[in-house]
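Visitor: I am attaching a structure below and will ask some questions about it afterwards.
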Amino acid sequence: MKFARASGTLGLAALAVVSSSYAVAQDAGWYGGLNIGQSSAKIADDRINSRLLGGGFTSTSITDDDRDTGYKLFGGYKFNKNFALEGGYFDLGKFGYTATTVPAGTLTANIKLKGLNLDAVGIVPINEKFSAFGRIGLNYAEARDSFAGTGSVNVFNPSPSKRDTNYKFGLGIQYDFTQSLGMRFEAERYRINDAVGNKGDVDLVSVGLVYRFGGDTSAPARRAAAPEPVAFAPVPRLAAVTPPPPPSPAPEKVSFSADSLFDFDKASVKPAGQQALDKFAADLRGVNFDVITVTGHTDRIGPPAHNMELSERRAEAVKTYLVQTAGIPADKIAARGIGESEPVTRPGECDAEKSTRQLIACLRPDRRVEVEVSGTM
């Protein structure tokens, strides 16, 4: 049958809608569900009487069966918080009547209604959990009738049927337990062709569950109320100023000529050298310092090993004199010798000197003792 093929095609489409499980944003996504409730039809007794009179009968009583249980399966896509498109399958149940006639007889009629629908749904959120909605759409319904007569009543077409497309509309309210699961209560009206030339309305009042694919199964979080604005006078912010660290004091270095402190090739401080060291020690009185380094230097005359030893003994001699005479703590003064390794004269500067005496005089700047005071305050 054409209806069976159309029903199967649309049914598969509706099932695909219900089965889709795409990840969705908070206000958009796929959903599906099931509603069940009471359906009711408006059976026109006056029209039944009129048809019986047309056949030569008069009804003495009409008993209407105008209520049944109906249900619907639905699926849809919510585009945003205010609009969705929904389709599905519905079965409104069975309705009928029994008319007792004169001449003696009865006429019994039943109609079964089921079909497919497609609706546009407008949604109005009320709060975090409640929302109201309205729908308007089309239904494609099949009406299957059955007629039976007794006594004088004969039925010429006992099972007429009709497939037709008509409008439908409804209103409802939804309560969301979570972002994924909600409950609906709604009332709908289906316009139906009854297969014997009449059109009427069937109402379905139902309750059901709706499941939203991809939603959060936890309860909807309450939105925190926005804090009341608080007026306050701006307070000027003072930038924190970090004073720069004090500059490290530059080392103070004094260079003593070795010829003024010692005799040639000797390491004992002579009286003239003692006076120079006494003046140096006097200048240090009242001065805080970290360490004093005494470095002995020689010229290049003689073997390097001898010059290294001589420079070390001269540095130790100056240290000893400053400790013993000037009272400088021994742990704050260090002595070292580096021999001829750091001359003051330039390379080749004294090579032109012919005699040893002239060479000794030319290399005089290389023979020295340097005293460096570090961390003075």
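The values are calculated or read from the model by the stated rules, or taken from the named source; none is laboratory data. Note that the coordinates shown come from a computational prediction; the quantities given were computed from them, not determined experimentally. Glycine also receives a Cβ, built like all others from the backbone with ideal geometry; neighbour counts cover every protein chain displayed.
Visitor: Of all residues in the range 275-326, which are farther than 16 Å from residue 261 by Cα and buried (at least 21 other Cβ atoms within 10 Å of the Cβ)?
Guide: Within the range 275-326, 292, 307 meet the criteria.
Visitor: Now for a separate question. Can you tell me which residue among 127, 157 is without any contact (Cβ under 8 Å) to a residue 12 or more places away in the chain and closer than 24 Å to residue 34 by Cα?
Guide: Going through 127, 157 in turn, the sole match is 127.
Visitor: Can you tell me which of 291, 287 is closer than 19 Å to residue 327 by Cα, within 60 Å of the chain's Cα centre (by Cα) and either assigned by TED's automatic domain parsing to the domain that holds residue 323 or at pLDDT below 90 (or both)?
Guide: 291
Visitor: So, one more: Quick check on my filter: what residues within the range 197-215 are assigned to a loop (DSSP other than H, G, I, E, B) and within 31 Å of the chain's Cα centre (by Cα)?
Guide: 213, 214, 215
Visitor: Is it true that some residue in the range 42-57 is polar (S, T, N, Q) and either touching a Pro at 6+ places or on another chain (Cβ under 9 Å) or modelled with pLDDT of 80 or more (or both)?
Guide: Yes - at least one qualifying residue is present in the range 42-57.
Visitor: Ok, one more. Would you point out which residue out of 240, 281 is modelled with pLDDT under 90, among the aliphatic types (A, V, I, L, M) and over 18 Å from residue 316 (Cβ atoms)?
Guide: Of the residues listed, the single one that is modelled with pLDDT under 90, among the aliphatic types (A, V, I, L, M) and over 18 Å from residue 316 (Cβ atoms) is 240.
Visitor: Just the residues that are farther than 19 Å from residue 307 by Cβ and among the charged types (D, E, K, R), please, taken from the range 254-274.
Guide: 270, the sole residue that qualifies.
Visitor: Among the candidates 106, 101, 69, which residue alone is more than 19 Å from residue 187 (Cβ to Cβ) and surrounded by fewer than 20 Cβ atoms within 10 Å (Cβ to Cβ)?
Guide: Step by step, each of 106, 101, 69 is checked, and only 106 is more than 19 Å from residue 187 (Cβ to Cβ) and surrounded by fewer than 20 Cβ atoms within 10 Å (Cβ to Cβ).
Visitor: Now for a different question. Do we have residue 161 as surrounded by fewer than 19 Cβ atoms within 10 Å (Cβ to Cβ) and not charged (D, E, K, R) here?
Guide: For residue 161, the condition - surrounded by fewer than 19 Cβ atoms within 10 Å (Cβ to Cβ) and not charged (D, E, K, R) - is met.
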